[in-house]
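> Let me give you the structure first, and then I'll get to my questions.
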Amino acid sequence: EAQVTQNPRYLITVTGKKLTVTCSQNMNHEYMSWYRQDPGLGLRQIYYSMNVEVTDKGDVPEGYKVSRKEKRNFPLILESPSPNQTSLYFCASSLRITGELFFGEGSRLTVL
Amino acid sequence: DAKTTQPTSMDCAEGRAANLPCNHSTISGNEYVYWYRQIHSQGPQYIIHGLKNNETNEMASLIITEDRKSSTLILPHATLRDTAVYYCIVRVASGPQGAQKLVFGQGTRLTINP
């Protein structure tokens, strides 16, 4: 089944404790991206990747890092999480520039 | 990317057609209109997209006005499972950020009533 898989789905952590949210897609998509969703602010793009080793900042990249060493994986790294990074995170991928985005089921992160 | 304007909420009776409007008066010639929906806090789901011609797929129809300043998403026979937030997005179809950059507004909360 074609899908985008995120882990963990739920996480409660403390300020400053490094964490990684993994994202994997099995559709051989070149394009992948991360979004965060907050009440009243909608979905905002954090980072995106055009292909392996090609990444760039979205609208809200501060406090996040990403890497794209393999085509299928696009992990989101929070080196030193802070409470303002408490949010619902979505990973997405697509095959072509004009194609549809496939979203993962989301990862709800709480930073205390 | 051009900005879109959608009603905050709408209601529709089950079995009837749901017509969701979207204004995008500043749309550029190379920008597509996309529709996604989000059920509860699940990942957004692609519905349909188009440039200037009307489009139809198994989920919905997209009607784009001739001047491309507005569009309407039509769910022909709405069911309770169509209750969701519907996002209308315009996006550049080329360039590095066009590939992935989607600006989601607040969307329209569509409620299908029995």
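> Based on what the data block shows, is B:Asn30 more than 30 Å from A:Arg9 (Cα to Cα) and under 12 Å from the mean Cα position of the chain (by Cα)?
Answer is no for this residue.
> For residues that are touching a Phe, Trp or Tyr at 6+ places or on another chain (Cβ under 7 Å) and charged (D, E, K, R), scanning just the stretch A:51-84, find the one that is modelled with the highest pLDDT.
The extreme case among them is A:Arg68.
> Moving on to the next point. (1) assigned to a loop (DSSP other than H, G, I, E, B); (2) in contact with a Phe, Trp or Tyr (Cβ under 9 Å, 6 or more places away or on another chain); (3) under 22 Å from B:Lys3 (Cβ atoms): which one isn't true of B:Arg37, the others all being true?
Going through the list (1) assigned to a loop (DSSP other than H, G, I, E, B); (2) in contact with a Phe, Trp or Tyr (Cβ under 9 Å, 6 or more places away or on another chain); (3) under 22 Å from B:Lys3 (Cβ atoms), B:Arg37 breaks only (1).
> Here's another thing I want to ask about it. Please verify whether A:Asn51 is over 30 Å from B:Thr8 (Cβ atoms) and more than 9 Å from every other protein chain (Cβ to nearest Cβ), treating the condition exactly as stated.
So A:Asn51 fits the description; yes.
> Return yes or no: is A:Tyr10 surrounded by 19 or more Cβ atoms within 10 Å (Cβ to Cβ), in contact (Cβ under 8 Å) with a residue 24 or more places away in the chain and of a type outside the set (Gly, Ala, Ser)?
Answer is no for this residue.
> May I ask you to list the residues in the stretch A:74-112 that are away from chain B (no Cβ under 12 Å), in contact (Cβ under 8 Å) with a residue 60 or more places away in the chain and either surrounded by 16 or more Cβ atoms within 10 Å (Cβ to Cβ) or assigned to a loop (DSSP other than H, G, I, E, B) (or both)?
Passing the criteria: A:Leu78, A:Glu79, A:Ser80, A:Pro81, A:Ser82, A:Leu109, A:Val111, A:Leu112.
> Those residues that are part of a loop (DSSP other than H, G, I, E, B) and among the β-branched types (Val, Ile, Thr), I need them from the stretch A:57-73; list them, please.
Answer for the stretch A:57-73, where residues must be part of a loop (DSSP other than H, G, I, E, B) and among the β-branched types (Val, Ile, Thr): just A:Val60.
> Confirm whether A:Asp38 is acidic (Asp, Glu) and within 23 Å of B:Cys88 (Cβ to Cβ).
yes
The values are calculated or read from the model by the stated rules, or taken from the named source; none is laboratory data. What you are looking at is a predicted structure, and each value in this text was computed from that prediction instead of being measured. Here the Cβ is made from the backbone with ideal geometry for all residues, glycine too, and neighbour counts use every protein chain on show.
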